[in-house]
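The values are calculated or read from the model by the stated rules, or taken from the named source; none is laboratory data. Given the structure is predicted, the values throughout are model-derived calculations rather than measurements. Just the protein is used for accessible areas: all its heavy atoms, side chains included, with ligands, DNA and RNA removed. Shrake-Rupley method; radii C 1.70, N 1.55, O 1.52, S 1.80 Å.
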Amino acid sequence: MKGMILIMEFIAKNWKKIGLLIVIIACLFNVVSKLVAKVPYMDQLKESAQYVSDQEQKNNT
């Protein structure tokens with residue numbers, strides 16, 4: 001029980017620092033995940049052009 005009280009006192013004294021740390025970690029995770037999953041612009045253009053071409057062929061038949 002005494003250990004739980006110490007933990008609560010620690011959290012009460014440092015809640016701003018803990019919150020800031022959580023926000024920083026979330027932002028870093030967001031940036032890293034976007035960098036890792038980024039598809040090159042040329043690939044997006046090629047896929048879009050292929051889709052439009054496929055749709056036109058589909059509509060013409």
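Observations on the structure shown:
- For the chain, the longest principal axis of the alpha carbon atoms and the long axis of helix 2-36 meet at an angle near 20°.
- Over the chain, accessible surface divided per residue gives 100 Å², non-protein components excluded, 1.4 Å probe.
- Option label - P(r) over Cα pairs in 10 Å bins from 0, in percent computed here, alternatives (i) 20, 42, 24, 11, 2; (ii) 19, 36, 30, 13, 1; (iii) 18, 19, 18, 15, 12, 10, 7, 2: (iii)
- Relative to the longest principal axis of the Cα atoms of the chain, the long axis of helix 41-60 makes an angle of roughly 50 degrees.
- Accessible surface of the chain, 1.4 Å probe, proportion on carbon and sulfur as whole %: 69 percent
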